[in-house]
Amino acid sequence: MADSWDLEGAIVAITGASSGIGAAMAEAFWTCGAHVLSVSRRPTVDGRTYSERFTHFAADLSKRDETDGVITAINAEHGAVDVLINNAGSASRAPAIDYPIDDWDRILELNVTAPFLLSRGLAPGMITAGRGKIIFTASLWSFLGGRNVVAYTVSKSAIAGAIRALSREWANSGIQVNGIAPGYVETDLTRPTIEDPTLGPQFLARIPTGRWGKPNDVTGAALFLASRHSDYITGTILPVDGGWLAN
């Protein structure tokens, strides 16, 4: 597998790597021989510990000073990274007319500003090396309007714009910037909707494959976009949604 993806020895930074999709990505890249730099508030990856090729950076990316600190630490300790996966994110539900502005500020900081700062902060090492991969976790709501999740929808729409803009700026430097748009994957973030007695069945009925996604369903897309096989792909968002967007 490592030979197939050509990721042996790659330095891969993953935000939000302690649970859900981020944890699945961390395990997949580690299995392929990469050195995983986990950026999250919690040090463990879904209860798993790694004895080697794994470094944890504790940071709450909704706080600007902690984002700046982790950028400085990664650059100081590892120099250039080969792959940056901006996966950390959050959401909260409320009608737009009542949406708490504190939630708006926190979600925009975590979902938009932190990924931009990390990309900008780690890109110079990639530019010097003449190669690199930056992958954003986008969303169905990068394409659609989510009801009662206005800040999340705005943030994921902004991520789609960031992917396009940064891919144009850095393509000539050998950096590919792409995104993955998971559908309803079973994680802590989506569980309230999946378990909702009204929304859950409605949303499940929209998925042609007839099931919720699993975190491991997303890892193949991440490995592909991080590998040499995607060297001529940039500025795209790959849906991993069971066919939702085909409806």
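The values are calculated or read from the model by the stated rules, or taken from the named source; none is laboratory data. Values in this document were obtained by computation on a predicted structure and should not be read as measured data. Cβ: placed from backbone, ideal geometry, glycine included. Neighbour counts: every protein chain shown. Calculation scope for accessible area: heavy atoms of the full protein, side chains included, ligands and nucleic acids excluded. Shrake-Rupley method; radii C 1.70, N 1.55, O 1.52, S 1.80 Å.
Based on Cα contacts under 8 Å between residues 6+ apart, the chain shows a relative contact order of 19 percent. Between helix 114-129 and the chain there is an angle of about 30 degrees, using the helix long axis and the longest principal axis of the Cα atoms.
Each of A246 and R42 was given a label point 7 Å from its Cα along the Cα-to-Cβ line. The distance between the two points is 3.4 nm.
Comparing G89, T15, V70 along the charge dipole axis of segment 1-123, the residue lying farthest to the positive side is G89, per the Cβ-charge model. Distance between the 7 Å Cα→Cβ label points at E8 and A73: 3.1 nm. Computed with a 1.4 Å probe on the full set of protein chains, the accessible area for K214 sits at about 100 Å². As a rough guide to protection, the peptides 76-85, 106-115 ranked by mean Cβ packing within 10 Å, highest first, stand as 106-115, 76-85.
Spin-label model, D188 to D98: label points 7 Å out along the Cα-to-beta-carbon direction sit 2.5 nm apart. Each peptide in 142-155, 21-34 was scored by the mean count of other Cβ atoms within 10 Å over its residues; highest first, the order is 21-34, 142-155. For segment 1-138, the carbon plus sulfur part of the accessible surface works out to 50%, probe radius 1.4 Å. Compared with the dominant Cα axis of the chain, that is its longest principal axis, helix 64-78 is turned about 30°.
Accessible surface for segment 55-118, divided over its residues, is 46 Å² per residue with a 1.4 Å probe. Only aspartates and glutamates eight or more places from K133 in sequence, or on another chain, were considered; those with a Cα closer than 16 Å are D6, E8, D82, E169, D231. Per DSSP helix of 4 or more residues, -39500 (n - 2.57); summed, then divided by the residues of the chain. What does that give at 222 nm, rounded to the nearest 500? That comes out to -12000 deg cm²/dmol. Any idea what the dipole of the chain comes to, in debye rounded to 20, about its Cα centre with Lys/Arg Cβ at +1 and Asp/Glu Cβ at -1? In debye, rounded to 20, the chain gives about 420.
Relative intensity of the chain on a log10 scale, I(q)/I(0) at q = 0.07, 0.10, 0.11, 0.17 Å⁻¹, equals -0.21, -0.44, -0.54, -1.34, per a Debye sum over C-alpha point scatterers of equal strength in the absence of solvent. Working note: Cα atoms of segment 132-247, range along each principal axis, descending, whole Å: 49, 27, 25. Highest average first, the peptides 7-17, 196-206 ordered by how many other beta carbon atoms sit within 10 Å of their residues are 7-17, 196-206.
Relative to the longest principal axis of the Cα atoms of the chain, helix 20-31 runs at roughly 30 degrees.
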